[in-house]
Amino acid sequence: DTAISTWDPYLCAKTPKAADSGPSLRNLIRRNASQDVALAKKLEITHGKEKVRAGVLKALGFADAAAWCGERKLAGPEDYLKVRDFLYKLAIEAQ
């Protein structure tokens, strides 16, 4: 839930949750997911917002943002890595 909730402001126009203070595994996961969101925003410049959002949603296993924002659930914990894989491949294309 920590990684996927980081995508709420980007995909669902929700206010981001306040981060826990102090070092923790959750904060590390949140930081990494926040970097993924930042990369997605940067990739919008070269690939367009719709392409990036559609690719992220597809990697999450959803056809549209409304479905994702309603359910916000992955089939398994490794499924999040599909998002990162999509973003990295798109970043390589941009080079």
Helix 80-93: inclination vs the chain longest Cα principal axis, degrees, rounded to 10, gives 40
For the range 68-74, just list the computed ³J(HN,Hα) in residue order, Karplus coefficients 6.51, -1.76 and 1.60, θ = phi - 60°, integers in Hz, with x standing in for Gly and Pro. 4, 5, x, 9, 6, 9, 9
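Could you provide, to the nearest whole Å², the per residue accessible area of the chain with probe 1.4 Å? All intermediate terms of the calculation are to be shown ahead of the outcome.
Details: 5990 Å² over 95 residues.
On a per-residue basis, 63 Å².
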Identify which of Ala63, Ala75, Ala40 has the largest mean-square fluctuation in a Gaussian network model of the chain, with springs joining Cα atoms closer than 10 Å. Ala75
Just going by the charge dipole of the chain, with Lys and Arg at +1 and Asp and Glu at -1 on Cβ, which of Gly22, Leu81, Val37 is farthest out on the positive end? Gly22
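Shape verdict for the range 20-68, please, from the Cα gyration tensor: rounded (a/c under 1.5), prolate (a/b greater than b/c) or oblate.
On the way: a/c = 3.55, a/b = 1.70, b/c = 2.09.
Since a/c reaches 1.5 but b/c is at least a/b, the shape of the range 20-68 is classed as oblate.
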Against the longest alpha carbon principal axis of the chain, how many degrees, from 0 to 90 and to the nearest 10, is the axis of helix 49-60 turned? 60
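Which value, in debye to the nearest 20, describes the size of the charge dipole of the chain about its Cα centre when Lys and Arg Cβ atoms bear +1, Asp and Glu Cβ atoms bear -1, and nothing else is charged? List each step's numbers first, then the result.
On the way: 16 positive and 12 negative charges, 37 e Å.
In debye, rounded to 20, the chain gives about 180.
The values are calculated or read from the model by the stated rules, or taken from the named source; none is laboratory data. As the structure is a prediction and not an experimental result, all values here were calculated from the model. So basically every Cβ, Gly included, is an ideal-geometry build from the backbone, and we count neighbours across all protein chains shown. Heads up: the accessible areas ignore ligands, DNA and RNA and are worked out on the full protein's heavy atoms, side chains in. Shrake-Rupley method; radii C 1.70, N 1.55, O 1.52, S 1.80 Å.
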